[in-house]
Structure formats: structure tokens, C-alpha cells
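The values are calculated or read from the model by the stated rules, or taken from the named source; none is laboratory data. Since the structure is predicted, the reported quantities are computational estimates derived from the model, not experimental observations. Cβ coordinates were reconstructed from backbone atoms using ideal geometry, including for glycine residues, and neighbour counts include every protein chain displayed. For accessibility, only protein heavy atoms count, side chains too; no ligands or nucleic acids. Shrake-Rupley method; radii C 1.70, N 1.55, O 1.52, S 1.80 Å.
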Amino acid sequence: MVDIALGTEAGRHNEKQIPGDRARPLDVHRWSDYPELNNCLNDIINELKANEQRERRRNQKAEKKFRAAIRCLTLDLYVAWKSDPSLLVAVARGKSHFGKKTRYSALYISYDQFIQAFNGLRDLGYLEIVYEGFNDRQSEVSKTTRVRATQKLINTLTDKGALTLASIRRSPPDEPHEIIILKDKNKRPIDYDDTTATTKMRNDLKMINHTLLSSWIDINLSDIEFIKLQKRISARTVDSDNDSHTVDLTRIELHRVFNNSSWDEGGRFYGGWWQTIPSEMRKFITINEKDTVELDYSGMHVKMLYAEVGEELTGDAYEIPNLVAPRPLIKRTFNKLINASGRIRIDIEFDANNIGMSWEQFIGCIIRHHHRIDKFINSGYGVKLQRMDSDIANAVMLRFHYMNYACLPIHDSFIVIKSLADELGDIMIEEFRKFINKDIDIKAKDIIEHIPSDAIDMRAALMESLGREGEYKGYYQRHLEWLTRKHREK
């Protein structure tokens with residue numbers, strides 16, 4: 001038996017871009033399980049079976065995998081449609097795209113049953129093939145099949161299944177997807193044997209994810225502004241290998257990614273939808289209806305490097321005398337110098353006329369200012385720093401888990417509800433000191449003031465919004481769906 005590989009990796013290969021094509025890979029790690037949906041899926045499956053005209057019934061194992069394939073296909077097509085009706089889903093149907101069993105495989109999905117489920121949904125008009133896939137061996141150009149949900153599927157899941165985004169999660173409880181991922185130098189997931197360390201990392205992250213999943217994490221934008229945000233993210237995504245085509249509010253669980261076949265490199269947390277939106281939009285994030293604050297480590301990697309050589313960094317690492325340039329440009333360039341193992345390309349925002357020097361001179365200023373750590377320049381040491389900052393992030397998030405509060409990571413910054421700002425700042429400083437034995441400054445990002453959450457009757461606001469098509473109708477509706485899910489779980 002061969003089983004499909006890591007869902008978000010499926011179909012990733014060089015492809016010719018079709019104008020206007022916006023697609024993301026199929027995510028087979030979709031799961032939802034409650035009576036209305038199960039009854040709805042039973043009806044779909046019975047309809048497919050009646051249309052198949054099979055001579056022999058599937059055995060129990062094949063039947064389970066067939067049902068799992070129907071579930072993941074329909075749920076992911078629904079999520080794509082709900083995020084953006086124009087978004088297509090790339091589905092790799094060739095047998096070569098179904099790898100051998102690994103810890104990353106969706107073992108509840110098999111090639112034969114997946115293809116039968118796909119064809120059945122297509123034949124009965126539940127999914128539509130927009131572009132048929134192909135593989136031209138001569139030109140080495142290929143294209144994964146692009147599909148989307150039909151209105152028939154959306155109506156069935158919405159009306160009969162009472163399906164909402166709030167009720168969708170990742171992987172069946174008895175076969176969870178892997179959240180500790182080790183990649184090789186080509187960024188491909190590779191298998192590994194568990195150790196005490198990997199087991200602890202997985203258990204830590206399971207606890208963190210449990211807290212995140214127990215929280216309503218959303219973005220307080222009007223429906224018009226939310227659509228603008230979706231379009232902005234879509235415009236910056238140029239190929240179908242990138243999952244971040246839309247703000248997918250179902251993506252709440254985190255995973256850790258280690259690089260270069262080494263547990264000493266990388267380890268950062270990925271997977272949260274809040275990590276995909278522009279930084280200036282994160283101030284609109286809410287947790288359980290409450291406004292949030294984002295606190296950021298100031299010059300974290302530079303501080304770590306100075307600690308490595310036994311030196312003390314004073315002042316702002318990215319304010320350099322006689323260098324008139326935007327701080328974000330200096331910070332970005334410095335991090336590239338540490339991460340790269342050779343020359344780095346000119347930054348797209350670098351303007352020699354405004355800065356008054358060439359790109360090479362600009363880099364030279366940064367290196368001379370930080371001459372005490374110049375041995376790390378072009379060393380590729382950044383991935384080792386990521387391992388350190390990810391361990392600190394793990395410790396910070398665990399502290400909030402034990403307090404029963406969600407803490408959202410963006411590598412070297414964190415988002416919590418505004419009332420916990422002081423607590424977050426203290427914990428960030430304490431955990432940095434534990435790992436690095438140095439003090440560090442913490443900065444707050446932009447903060448906005450919404451109407452106090454406790455002054456809003458969300459149910460009344462929703463009913464008013466539904467009656468007059470209010471500008472925040474989507475936000476209130478998502479909150480009601482979340483409350484419905486919580487009530488169903490009791």
C-alpha cells in the first residue's frame with residue numbers, strides 16, 4: 001500500500017504558470033466530525049456508491065480509506081471556496097505523487113481509494129476540473145490538475161451538513177499529522193527516529209496547539225477590508241507552490257521545521273494564519289473577542305551573536321552612525337548577511353541615490369559597525385540562531401499555555417490579549433535570560449483601540465448585522481459559528 005505524502009507538499013514541482021491561475025496544493029489533513037456532517041457525508045458516499053456499479057464491495061480497510069478521502073476532499077474544497085471563491089485547489093493524481101509510508105504521510109488516505117473518491121465526486125458534479133493536469137517529458141513542463149467546489153457541493157455541505165470553518169480542524173484524532181518536521185538541504189521532509197528530545201518537542205507543541213484550538217483567533221476587519229486583505233495577499237503570491245494565497249482562518253495549529261537534516265538548525269514554528277498577513281495588519285487580530293498586543297525582541301539575533309563571542313551589545317543594533325537608511329532595510333540586510341553563505345542580492349527597497357552610497361558600501365558600513373562579530377558574516381549561521389530563538393519561543397508559549405491563554409508566535413515576536421502585555425514582556429525577558437544569560441529590550445508594535453470587548457453584546461451585534469447587512473457581518477458570523485462549535489463540543 002502506498003499513501004499520499006504530507007498534504008501541503010503534494011504536487012510541488014516545477015510548473016508552467018497559467019495566466020490568472022491561483023491555486024494552492026490540496027491539504028489532505030482536513031477533519032471535522034459531528035452528526036450533521038457525518039450524515040451529510042454518508043448521503044454523498046451512498047450516492048457515489050450507487051453510481052459506481054462495483055461488482056465487489058470494498059473491504060473494511062478500503063471502506064475506511066474511501067470515506068477519509070471523501071471527507072478530506074470535500075472539506076478542503078469547502079475551505080478554499082470559503083476563503084476565496086476564485087481560489088483553485090491543485091490535486092496531484094499521478095501515482096508517483098503518492099509516496100511510501102513515512103511519519104508525514106496521511107496514512108488514512110490511499111492512492112486507489114483517493115482516485116476513486118476524486119472521480120466519483122467529479123462524475124456526480126461535486127467538484128469541477130478547471131485545468132486538466134499534464135506532464136510533458138520532452139519539455140519538462142508539467143501542471144497539476146486544478147479543481148474547485150461546485151455550488152452543489154457547497155449547498156450540500158452548508159445546508160445538510162451545517163458545515164462552517166469553525167468546525168474544521170486538521171487530521172482525525174486517532175491519526176494526527178506530524179508536527180515536528182525535519183527537512184534536508186533541498187527542503188524536502190525526511191524521516192527520522194524519535195528521541196527523547198523530539199518526543200518532548202512534540203508533546204510541548206501538542207499542549208500549545210491545544211490552547212490555540214481552544215481559542216477564537218480572528219481578525220477584526222469589516223467585510224470590505226477583509227476582502228482587500230485577501231486580494232493583497234493573493235497579489236503577492238506568484239506560484240501555486242505557496243500555501244499563503246488567502247487568509248485561511250482554519251490554520252491555527254503550529255508545527256516546527258528543522259533544516260539541513262539537522263536538529264541544530266531551524267526549529268521555528270509555522271502554520272498559523274496570522275504569520276501570513278502583512279505585519280501592519282496584525283494589530284487587528286483578536287483572541288476570544290479581545291484586542292491584542294504584539295511584543296518584539298529588539299535585535300534578538302545580534303544580541304545572541306555578541307553573547308556568542310562574550311561581548312555586550314549596547315544601543316540599537318540597527319542604528320548605525322553616518323548611515324542614513326531605513327531601519328527595516330538595515331535589519332533585513334544584516335539578517336541576510338548572517339543567513340547567507342555567500343554574496344547577497346541587492347534588496348528591492350535599496351535606493352543608492354537616497355542612501356548616498358552603493359550597495360557594496362552599504363553592506364560595508366554594516367559589517368564595520370559590527371566588526372566584533374564579523375566572523376559570522378556569510379557564515380550561514382542564521383539557522384543555528386533560529387534553533388535558539390525557537391527554543392525560547394517554545395518556552396514563552398508554554399508559560400502561557402500553563403496559564404490557559406493563547407500566545408501567537410511570529411518567530412521573534414508574540415501576540416497576546418492586551419491585558420497580558422506586561423506579563424508577556426516579563427516572560428520574554430526571563431526566558432531570553434535563561435537561554436542566553438543576557439538582558440534584552442522588548443518593543444511593542446502598533447496598537448489600536450477597538451470598542452472594549454466587554455461592552456459588545458456579540459449576539460445582539462450579530463442579529464443587528466444580519467438584519468441590515470452590517471459592515472462587520474462576517475466577523476460577527478464567525479463568532480457565532482465559533483460559539484456553536486464550542487456548544488457542540490460540550
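Overview of values
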{"item": "Residues of the stretch 201-237 that turn out to be in contact with a strand residue (DSSP E or B) (Cβ under 8 Å, 6 or more places away or on another chain), more than 24 Å from Ile181 (Cβ to Cβ) and in a loop (DSSP other than H, G, I, E, B), as a count", "result": "2"}
{"item": "Residue count, the stretch 262-319 (criterion: under 24 Å from Asp248 (Cβ atoms), hydroxyl-bearing (Ser, Thr, Tyr), touching a residue at least 60 places away in the same chain (Cβ under 8 Å) and open to solvent by less than 60 Å² (accessible area, probe 1.4 Å))", "result": "2"}
{"item": "Filter pass, Asp391 being within 30 Å of Asp218 (Cα to Cα) and either in contact with a Ser or Thr (Cβ under 6 Å, 6 or more places away or on another chain) or touching a residue at least 24 places away in the same chain (Cβ under 8 Å) (or both)", "result": "yes"}
{"item": "Selection from the stretch 327-348 of residues that are surrounded by 12 or more Cβ atoms within 10 Å (Cβ to Cβ) and part of a loop (DSSP other than H, G, I, E, B)", "result": "Ala340, Ile344, Ile346, Asp347"}
{"item": "Close pairs from the stretch 23-38: first part of a loop (DSSP other than H, G, I, E, B), partner open to solvent by 10 Å² or more (accessible area, probe 1.4 Å) and among the β-branched types (Val, Ile, Thr), Cβ under 7 Å, at least 6 apart", "result": "Asp27/Thr8"}
{"item": "So Thr198, is it in a loop (DSSP other than H, G, I, E, B) and in contact (Cβ under 8 Å) with a residue 24 or more places away in the chain", "result": "no"}
{"item": "Residues (closer than 16 Å to Ile129 by Cβ and buried (at least 18 other Cβ atoms within 10 Å of the Cβ)) located in the stretch 94-115", "result": "Phe114"}
{"item": "Unique residue being closer than 27 Å to Asp218 by Cα and either open to solvent by 20 Å² or more (accessible area, probe 1.4 Å) or in a helix (DSSP H, G or I) (or both) when the list is Glu423, Glu430", "result": "Glu423"}
{"item": "Residue check for Gly11: farther than 16 Å from Pro172 by Cα, open to solvent by 40 Å² or more (accessible area, probe 1.4 Å), modelled with pLDDT under 95 and not acidic (Asp, Glu)", "result": "no"}
{"item": "Top-ranked residue in the stretch 407-442 [being over 14 Å from Lys283 (Cα atoms) and among the basic types (Lys, Arg); ranked as modelled with the lowest pLDDT]", "result": "Lys438"}
{"item": "Flag for Glu449 being at pLDDT below 90, open to solvent by 20 Å² or more (accessible area, probe 1.4 Å), under 22 Å from Gln275 (Cα atoms) and not aliphatic (A, V, I, L, M)", "result": "yes"}
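Listed here are the residues, each with its yes/no results for (1) touching a strand residue (DSSP E or B) at 6+ places or on another chain (Cβ under 9 Å); (2) in a helix (DSSP H, G or I); (3) surrounded by fewer than 19 Cβ atoms within 10 Å (Cβ to Cβ); (4) modelled with pLDDT of 95 or more.
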site: Met1; (1), (2), (3), (4): yes, no, yes, no
site: Asp21; (1), (2), (3), (4): yes, no, yes, no
site: Leu41; (1), (2), (3), (4): no, yes, no, yes
site: Glu47; (1), (2), (3), (4): no, yes, yes, yes
site: Arg57; (1), (2), (3), (4): no, no, yes, no
site: Pro85; (1), (2), (3), (4): yes, no, yes, no
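The rows are residues; the columns are (1) in contact (Cβ under 8 Å) with a residue 24 or more places away in the chain; (2) acidic (Asp, Glu); (3) within 24 Å of Arg67 (Cβ to Cβ).
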{"residue": "Asp174", "(1), (2), (3)": "no, yes, yes"}
{"residue": "Pro189", "(1), (2), (3)": "yes, no, no"}
{"residue": "Asp194", "(1), (2), (3)": "no, yes, no"}
{"residue": "Asp204", "(1), (2), (3)": "yes, yes, no"}
{"residue": "Ile227", "(1), (2), (3)": "no, no, no"}
{"residue": "Gln230", "(1), (2), (3)": "yes, no, no"}
{"residue": "Thr246", "(1), (2), (3)": "yes, no, no"}
